[in-house]
Amino acid sequence: MRIDIVSIFPEFFGVLDVSLLGKARQQGLLDVRVHDLRDHTHDRHRTVDDTPYGGGAGMVMKPGPWGEALDDLLGESETESDGAAQEPAPRVVIIVPSPAGRPFTQKEARALALEDRLVFTCGRYEGIDQRVIDHAATRPGVEVREISLGDYVLNGGEVAAMAMIEAIGRLVPGVVGNPESLDQESHEGDGLLEYPSYTKPAEWRGLAVPPILLSGNHGAIDAWRHEQQLERTRRVRPDLLPDADAAE
Ligand code: ADE
């Protein structure tokens, strides 16, 4: 999978060199390229923002640098048609992190992990001039999704993009060594939260591992884990329960 990121803070994404995603990049499973939006400015101050039309607080990101950056990544959008049959444009999903987008979920991460190419456009200030997003959606083969990390406001799209890239990247086949471990996580499978986990020693600071986990009885362990999942989900995220479980 290829992932392009456009930001005025490319250095933010240095952490993509470490840990699981860093290894996946080295192995060629993820081709992540970070681009500085200011490379598409043409004034001495490398200006990327301006005051909002209609007034109001804050600054809005200018369309010019964004348009040029996306032209560079996706090819010029004005294609001359000479009547010859054209190759269909390869599919690209542009992700615009925004608190005004639809919520990011594990389901969305799973769907995006199947794509060949993602472009993250990280806005700052009051966001990007809407015409950039509307114009990008008219490019052949391009789908634009405005996605929110949650119901709170960050200073810009960078942290949101990082979180989404990690959630999506680990679902790309080969990135996580044991794919079975992905099935047993919170928000996967039955949609319940994960059960609590324990490792050695069996007693630590006076706290014992639940004895059932030492019993060797795998049927009983599975039943206990499922009950723990239900209990935890009922307690902290009742909205995730199917109606029948919530009523129990
Ligand atoms: N940019 C600012 N806040 C955000 C959020 N909650 N999600 C995604 N992008 C954002």
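Inter-label distance, residue 205 to residue 106: 2.8 nm, where each label sits 7 Å from its Cα along the C-beta direction. The overall shape of the range 34-187, judged from the alpha-carbon gyration tensor, is oblate: a/c is not under 1.5, and a/b is no greater than b/c.
With contacts taken as Cα pairs under 8 Å and at least 6 residues apart, the range 181-240 reaches a relative contact order of 36 percent. Only DSSP H runs of four or more residues enter the estimate; each adds -39500 (n - 2.57), and after division by the residues of the chain the mean residue ellipticity at 222 nm equals -8500 deg cm²/dmol.
Dipole of the range 181-240 computed with +1 at Lys/Arg Cβ and -1 at Asp/Glu Cβ about the Cα centre; of 210, 223, 189, farthest Cα towards the positive end is 210. Of 47, 138, the sequence from fewest to most neighbouring Cβ atoms within 10 angstrom is 138, 47. The residues 146, 203, when put in order of fewest to most other Cβ atoms within 10 Å, stand as 203, 146. Note on residue 73 and residue 243: their simple-model spin labels are 4.2 nm apart, each label 7 Å out from Cα toward Cβ.
Placing a pseudo-label 7 Å from each Cα along the Cα-to-Cβ vector at residue 35 and residue 153 gives an inter-label distance of 2.9 nm.
Just add up the charged neighbours of residue 25: K/R +1, D/E -1, any other residue whose Cβ is under 15 Å from the Cβ of residue 25.
0
Within the shell defined by Cβ-Cβ distances under 13 Å, the residues around residue 117 carry a net charge of -1, with Lys and Arg each +1 and Asp and Glu each -1. Compute the FRET efficiency between residue 178 and residue 212 as 1/(1 + (r/R0)^6), taking r as their Cβ-Cβ distance and R0 = 22 Å, and round to the nearest 0.05. Step by step, r from the Cβ atoms, then E = 0.40.
Counting only DSSP beta bridges with both residues in the range 50-154, the antiparallel share comes to about 10 percent.
For the chain, the antiparallel share of DSSP beta bridges with both residues in that region comes to about 20%.
Counting beta carbons within 10 Å around each of 94, 221 and listing the fewest first gives the order 221, 94. The slack in the chain from residue 126 to residue 51, taken as 0.36 nm per residue of separation less the alpha-carbon distance, amounts to 26.0 nm.
Since every read-out is calculated from the coordinates, none of them should be taken as a lab result. On a predicted model such as this, the values are computed, not experimentally measured, just so you know. Don't worry about glycine lacking a Cβ; one is built from the backbone with ideal geometry, like all the others, and counts go over all protein chains shown.
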